[in-house]
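Colleague: Below is the structure I would like to discuss, written out as structure tokens.
The values are calculated or read from the model by the stated rules, or taken from the named source; none is laboratory data. Treat the numbers as computed from the prediction; the structure is a model and nothing was measured. Methodologically, a virtual Cβ is constructed for each residue, glycine included, from the backbone with ideal geometry; neighbour enumeration extends over all protein chains shown. Accessible surface areas use protein heavy atoms only, side chains included; no ligands, DNA or RNA. Shrake-Rupley method; radii C 1.70, N 1.55, O 1.52, S 1.80 Å.
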Amino acid sequence: MQLEHLVSKFQQKDVKSFEKLYEMYAASMFGVIYTIVKNKEEAEEVLQDVFVKAWKNSSSYAAQKGRFFTWILNIARNAAIDKIRSKSYNQGKQNLDATFFVDIIESYDNLDTKIDVTGLNKYIKALRETCKNLIELLYFKGYTQKEASEELKMPIGTVKTNNRKCISELRKSVLR
């Protein structure tokens, strides 16, 4: 079944199409969510929420604005960021043992193994260093543009401009 037809049926609330799209994209979405959330159970919960949200808001997807994968990827990324910024998530961390935090620090330093899940590693590695750092902070660590600006010690306007340029470069390399 062609993707356009599958998405169209999904938007018409066809359960079989939902199941097929879930099967196609769940692993990639889980990888992105887990990279941000750093907890398997939390990531699985967010993944379910992402697909429920996509189902409920399927009419907001428009093929002329971008690919379905990109649309659902943005939902996943935003849901994961919302999760780590939520009060209940932060309160749950207050009683965690120190090994949890060591794992977070180690995984932040080793982005290569996490990106493989989404299939983007080879494309991101080919970008210039500024883009790699910016994409890592904004899209895989869940930083806001302001936080990335502070971390990279560059003006927020420069972060925004570089973000657009870097995503454009990434898009071109992926679509070649």
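Colleague: Would you confirm, using the coordinates I've provided, whether LYS87 is modelled with pLDDT of 50 or more and either over 18 Å from LEU6 (Cβ atoms) or touching a Phe, Trp or Tyr at 6+ places or on another chain (Cβ under 9 Å) (or both)?
Modeller: Against the criterion (modelled with pLDDT of 50 or more and either over 18 Å from LEU6 (Cβ atoms) or touching a Phe, Trp or Tyr at 6+ places or on another chain (Cβ under 9 Å) (or both)), LYS87 qualifies.
Colleague: Test LEU73 against the criterion of being touching a Ser or Thr at 6+ places or on another chain (Cβ under 8 Å), modelled with pLDDT under 95, in a helix (DSSP H, G or I) and open to solvent by less than 10 Å² (accessible area, probe 1.4 Å), and give yes or no.
Modeller: Judged against the criteria, LEU73 is not a match.
Colleague: Let me ask another. Can you tell me how many residues within the stretch 139-161 are open to solvent by less than 90 Å² (accessible area, probe 1.4 Å), within 21 Å of VAL32 (Cβ to Cβ) and either touching a Gly at 6+ places or on another chain (Cβ under 7 Å) or part of a helix (DSSP H, G or I) (or both)?
Modeller: Count: 6.
Colleague: Name the single residue, out of those in the stretch 9-56 being on the phi < 0 side of the Ramachandran plot and not in a helix (DSSP H, G or I), that is nearest to the chain's Cα centre (by Cα).
Modeller: ASN39
Colleague: Right, here's the next one. If a residue has to be buried (at least 20 other Cβ atoms within 10 Å of the Cβ), of a type in the set (Ser, Thr, Tyr) and at pLDDT 90 or above to count, how many in the stretch 18-52 make the cut?
Modeller: Number satisfying all stated conditions: 1.
Colleague: Also, quick follow-up: Residues in the stretch 59-70 that are of a type outside the set (Phe, Trp, Tyr) and either closer than 13 Å to SER28 by Cβ or at pLDDT 95 or above (or both): how many?
Modeller: Summing the residues that are of a type outside the set (Phe, Trp, Tyr) and either closer than 13 Å to SER28 by Cβ or at pLDDT 95 or above (or both) in the stretch 59-70 gives 2.
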